[in-house]
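Right, one structure below, let's go through it.
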Amino acid sequence: MPRLRRFFARRWWNACTSRFSVGLLTVLLWSSLLGWGLAQTTILTPPSEVDPAGTVDVVTDRYRLGQQFYLENCATCHVGLPPAVMPSQTWADLLQDNQHYGVEIQPLITPTLQIVWSYVSTYSRPIIQRERVPYRLSQSRYFKALHPKVEFAEPVAVNGCITCHVNARQYDYRTLAPEWQDAS
């Protein structure tokens, strides 16, 4: 009887370790494929491919059409703001509202809306806990963090960005007016 018991115990042990090994290999393979897939979607554009205009966002090919639609639809009346200036919730509300700061606008149609949303939601920032959803630049904590030493004489307006960011109409927020070039 003990021999028979050892025989079945060994068979059981071999079966368990075999299943465990197969399971472990499956998990490792799945994790590797998942990691590779995520890496493919989040790889930034190499510096050699950065837009020579010096735009704020380094936009991967996947989101370039969204950026183009965003600029075509939003930067015709005012300068296009980099999505990171406002949280994703602000962009979600703005893209769905046809009453845009008191002006009635033509809402984006579904495919274009989805492509623009993909771009702005990817490049915008998350809202932090207990933060009010900002709808004005002066309410945005990110905008304030980017402009810590700037004192604004009047309320911050989107088209007022041109005062310091001379190429803002071309979506270039890196080029500053001469008086701000050496400011830190």
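At-a-glance table
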item	result
Qualifying residues in segment 141-184 (those that are among the charged types (D, E, K, R) and part of a helix (DSSP H, G or I)) - the one nearest to the chain's Cα centre (by Cα)	Arg141
Residue check, Val120 free of Cβ contacts under 8 Å to residues at least 60 places away in the same chain and surrounded by 14 or more Cβ atoms within 10 Å (Cβ to Cβ)	yes
Matching option when the condition is aliphatic (A, V, I, L, M) and surrounded by fewer than 15 Cβ atoms within 10 Å (Cβ to Cβ), among Ile127, Ile105, Ile115	Ile105
Check on Tyr171, touching a Ser or Thr at 6+ places or on another chain (Cβ under 7 Å), in contact (Cβ under 8 Å) with a residue 40 or more places away in the chain, surrounded by 15 or more Cβ atoms within 10 Å (Cβ to Cβ) and of a type in the set (Phe, Trp, Tyr)	yes
Any chance Leu95 is assigned to a loop (DSSP other than H, G, I, E, B), buried (at least 17 other Cβ atoms within 10 Å of the Cβ) and at pLDDT below 85	no
Given (1) within 18 Å of Leu81 (Cβ to Cβ); (2) loosely packed, with under 15 Cβ neighbours inside 10 Å, index of the condition Cys161 fails	(2)
Matching option when the condition is over 25 Å from Lys144 (Cα atoms) and modelled with pLDDT of 70 or more, among Ala15, Ala9	Ala15
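The values are calculated or read from the model by the stated rules, or taken from the named source; none is laboratory data. These numbers were taken from a predicted model, which means no experiment stands behind them. Using ideal geometry, Cβ is built from the backbone for each residue, glycine included, and neighbour counts are taken over all protein chains shown.
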